[in-house]
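To start, the structure under review is shown below, and the notes come after it.
The values are calculated or read from the model by the stated rules, or taken from the named source; none is laboratory data. Note that the structure is a prediction, hence the values are computed from the model and not measured. We place every Cβ from the backbone using ideal geometry, glycine too, and count neighbours over all the protein chains shown. These area figures cover heavy atoms from the full protein model, side chains too; ligands, DNA and RNA do not enter into them. Shrake-Rupley method; radii C 1.70, N 1.55, O 1.52, S 1.80 Å.
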Amino acid sequence: MKRYGKTLETPIGVAAGPHTQLAHNIIASWLCGDRYIELKTIQTLDEIDVTKPCIDMEDEGYNCEWSQELKIKDSFDEYLNAWIIIHVLKNKFGWTKTEPGFIFNISVGYDLEGIKKPNVQWFLDKMNNCRKEKEEKIEQLESLHPKIHEVNIPDQISDNVTLSTMHGCPSNEIEKFADT
């Protein structure tokens with residue numbers, strides 16, 4: 001199927017959450033067939049101290065995560081690690097189509113002012129073009145995988161975004177996101 005003009009090898013995917021925050025979980029998800037991967041939501045406030053679990057549903061379940069648990073730069077680093085390793089694995093398996101066949105979907109929140117902040121804009125810019133950081137990581141991985149330079153790893157990790165808003169966000173606030 002096609003999504004955002006890109007081919008997905010399967011329509012299976014994972015929603016943003018703590019399981020899509022770390023590279024090894026993203027890679028495991030991809031290995032299990034997920035091809036639409038909504039990355040953990042990032043927000044400008046990346047140093048929140050919150051009591052865990054942040055939602056206690058008394059005997060029914062727990063929400064044991066909060067956005068943003070990692071600092072934004074650490075989140076980017078995890079997403080770039082997963083991006084590179086998945087491309088290396090595709091190459092290793094001989095799955096060398098011209099398109100990646102999977103999508104990393106950015107999840108960003110929670111209000112317009114936060115999204116406009118320099119740290120979030122930095123993150124969005126890096127997800128759009130990570131050439132410098134990608135090349136640095138490839139150099140580090142060369143001793144482990146000497147043919148890594150032969151692997152086609154795009155500089156753009158993602159060009160699509162899911163907006164995550166707080167519960168009860170007014171519709172006019174959501175419209176402002178779209179107009180910006």
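Structure notes:
- Boolean, Gly61 is at pLDDT 85 or above and either open to solvent by 80 Å² or more (accessible area, probe 1.4 Å) or on the phi > 0 side of the Ramachandran plot (or both): no
- Residues (free of Cβ contacts under 8 Å to residues at least 60 places away in the same chain and either among the aromatic types (Phe, Trp, Tyr) or assigned to a loop (DSSP other than H, G, I, E, B) (or both)) located in segment 1-21: Met1, Gly5, Thr10, Pro11, Ile12, Ala15, Gly17, Gln21
- Identity of the residue in segment 1-54, of a type in the set (Gly, Ala, Ser) and in contact with a Leu (Cβ under 9 Å, 6 or more places away or on another chain), that ends up modelled with the lowest pLDDT: Ala16
- Condition broken by Met127, with the remaining ones in (1) over 18 Å from the mean Cα position of the chain (by Cα); (2) modelled with pLDDT of 95 or more satisfied: (1)
- Residue list for segment 25-34, restricted to those being assigned to a helix (DSSP H, G or I), touching a Phe, Trp or Tyr at 6+ places or on another chain (Cβ under 9 Å) and open to solvent by 10 Å² or more (accessible area, probe 1.4 Å): none
- The residue list Ile103, Ile157, Ile148, Ile153 contains one member that is open to solvent by less than 40 Å² (accessible area, probe 1.4 Å), in contact with a Cys (Cβ under 9 Å, 6 or more places away or on another chain) and of a type outside the set (S, T, N, Q), which is Ile157.
For (1) open to solvent by 80 Å² or more (accessible area, probe 1.4 Å); (2) of a type in the set (Gly, Ala, Ser), each residue gets a yes or a no:
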{"residue": "Val108", "(1), (2)": "no, no"}
{"residue": "Gly114", "(1), (2)": "no, yes"}
{"residue": "Pro118", "(1), (2)": "yes, no"}
{"residue": "Gln121", "(1), (2)": "no, no"}
{"residue": "Lys132", "(1), (2)": "yes, no"}
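- Meets criteria (within 20 Å of Asp74 (Cα to Cα) and either touching a helix residue (DSSP H, G or I) at 6+ places or on another chain (Cβ under 8 Å) or not charged (D, E, K, R) (or both)) for Ile85: yes
- So Ile37, is it open to solvent by less than 60 Å² (accessible area, probe 1.4 Å), closer than 22 Å to Tyr110 by Cβ and in contact with a helix residue (DSSP H, G or I) (Cβ under 9 Å, 6 or more places away or on another chain): yes
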